Amino acid sequence: KTSAPLLRIAGLASGYGRVGILSDIDLEVHPKEIVVILGPNGAGKTTLLNSISGVAKATAGSITFDGEDITNARPEAVVRKGLAHCPEGRQIFQRLTVEENLVTAYLGRGGRSFEDLRDQAFEMFPILKERRNGMASRMSGGQQQMLAVARALMAEPKLLMLDEPSLGLAPLIAHQIFRIILDLSSDGMSVLLVEQNVQLALECGDHAYLLNTGRVRLQGNAQQIAAHSALSEAYLGGA
Ligand code: ATP
C-alpha cells in the first residue's frame, strides 16, 4: 500500500482495570479501506474498538490516528479528531426522538451544518426521515441500528468503527446496512468493522484480521482470509 495508514496500532496490550484482554496487536487501516475484525465470542473484538475509542485502557503499545498519538485519549477527544464509534447494542437515546438523537451527536467538527448532515442521513435512511419526530424506542431493531449509524455519521468521521451492525437483523436489513457501509467507503470514509456474519463481512471488506484469545491469529486481504482454514477452525474452537 502506498498511502500512509489513517489508523496504526502497534504492539497494543489493553484491558479493563487490571484485567488484560489484548496483547501484541498490530493493525492498520488505510484511507478508504474497509477493515474487518473477525473472531469467536470473547476474542476481544469489542475490547479492541473500545481501546481505540478510549474506553478500555492501553497498557503497552501505541495507537496513532491521522498522524496523532491517541493512545489512552479520552473518548470525546477521539471522536473530535474524526474517529467515530458505533457501539454494540446501539446505545441510542430511547426516550428521545430520531431527530433529537441526531442533534445530540452533532459536534460541528468538520464545518458542515447540522441540517446538512441530517438531510444526508435522511437520504441514506429514508425511514429515519419518516420517523424523525417519533420516539426512538418505538422503532424496530433494524431502524434503531440505522439510527445508530446515522448518529455516528453526525461526527463527520474519517474513520467509522462499527461493532456488529447486523446483529439481530433480518438478512435484507443487514444487506441494506452493508450497502451503505460500501457507499460510505467509496465516498472516502475508512471503516473498521466487527462483524459476526463472516461471509457478509468478507464480501464487503478489503482486509481482515482474525482475533482469538486477545491476539491477532491471522490477517490478510478478504479473499485470502475467506479461503483460510484457520478461519473455520477459530469459529469451531480449534484455533
Ligand atoms: P463478543 O462477540 O462476545 O462481544 P468480543 O470478541 O467482542 O466477543 P470482548 O467483548 O472484547 O470480546 O471480550 C473479551 C474479554 O473481555 C471477555 O473475556 C470478556 O469477558 C472480557 N470483558 C469484556 N468487557 C469487560 C469489562 N468491562 N470488564 C472486564 N472484562 C471485560
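Read the figures in this text as sums done on the coordinates, not as results from a lab. None of the values given here were measured: they were computed from a predicted structure. Using ideal geometry, Cβ is built from the backbone for each residue, glycine included, and neighbour counts are taken over all protein chains shown.
Roughly what angle does helix 141-153 make with the longest principal axis of the chain, taking Cα atoms, 0 to 90 degrees, to the nearest 10? Its long axis makes an angle of about 80 degrees. Karplus-based coupling profile of region 203-212, in residue order and whole Hz: 5, 9, x, 8, 9, 9, 10, 9, 9, 8, with θ = phi - 60° in 6.51 cos²θ - 1.76 cosθ + 1.60 and x standing for Gly or Pro.
What relative contact order, as a whole-number percentage, does the chain give when Cα pairs under 8 Å and 6 or more residues apart are counted?
On the way: 462 pairs, mean separation 63.0, N = 239.
Relative CO of the chain lands at 26 percent.
Here the contact order of region 48-115, divided by its residue count and restricted to Cα pairs under 8 Å and six or more residues apart, works out to 24 percent.
Please give me the summed charge of the neighbours of E99: other residues whose Cβ is under 10 Å from its Cβ, Lys and Arg +1, Asp and Glu -1. The answer is +3. Only Cα pairs under 8 Å and 6+ residues apart enter the sum, and on that basis the relative contact order of region 1-113 stands at 24 percent. If only the Cβ of Lys and Arg carry +1 and only the Cβ of Asp and Glu carry -1, the dipole of the chain around its Cα centre is close to 520 debye.
Counting only Cβ charges, +1 for Lys and Arg and -1 for Asp and Glu, the dipole size of region 1-98 around its Cα centre is about 340 debye.
Helix content alone sets the calculated 222 nm mean residue ellipticity of the chain: runs of n ≥ 4 DSSP H residues at -39500 (n - 2.57) each, divided across all residues, give -10500 deg cm²/dmol. Using the alpha carbons alone, the radius of gyration of region 105-154 stands to its Kirkwood radius in an Rg to Rh ratio of 0.97. Sequentially through region 3-18, phi angles give Karplus couplings (6.51, -1.76, 1.60; θ = phi - 60°) of 6, 6, x, 6, 10, 9, 10, 10, x, 6, 10, 7, x, 10, x, 8 Hz, Gly and Pro residues having no value and appearing as x. Three semi-axes describe the equivalent ellipsoid of the chain; taken as square roots of 5 times the Cα gyration tensor eigenvalues and ordered largest first, they are 28, 20, 17 Å. Computed from the Kirkwood radius of its Cα pairs, the Stokes-Einstein diffusion coefficient for region 72-199 at 4 °C and 1.567 mPa s stands at 89 µm²/s. Label zone (V19, point 7 Å along Cα-to-C-beta; backbone nitrogen cut-off 20 Å) within region 38-67: 39-60. Between N221, L159, G205, the Cα set farthest toward the positive side of the dipole of region 159-239 (charges on each charged residue's Cβ, about the Cα centre) is that of N221.
Scalar couplings 3J(HN,Hα) for region 124-129, obtained by applying the Karplus form with A = 6.51, B = -1.76, C = 1.60 to θ = phi - 60°, are 5, 10, x, 4, 5, 5 Hz; x denotes Gly and Pro.
What percentage of all Cα-Cα pairs in region 1-77 are separated by more than 21 Å?
Numbers: 691 of 2926 pairs.
Result: 24 percent of Cα pairs exceed 21 Å.
With the charge dipole of region 40-127 set up from +1 on Lys and Arg Cβ and -1 on Asp and Glu Cβ about the Cα centre, the Cα lying farthest toward the positive end among the listed residues T47, I92, T64 is that of T47. Summarising the amide proton neighbourhood of C86: residues at separation of 5 or more, or on other chains, whose placed amide H is nearer than 5 Å comprise M161, L162, D163.
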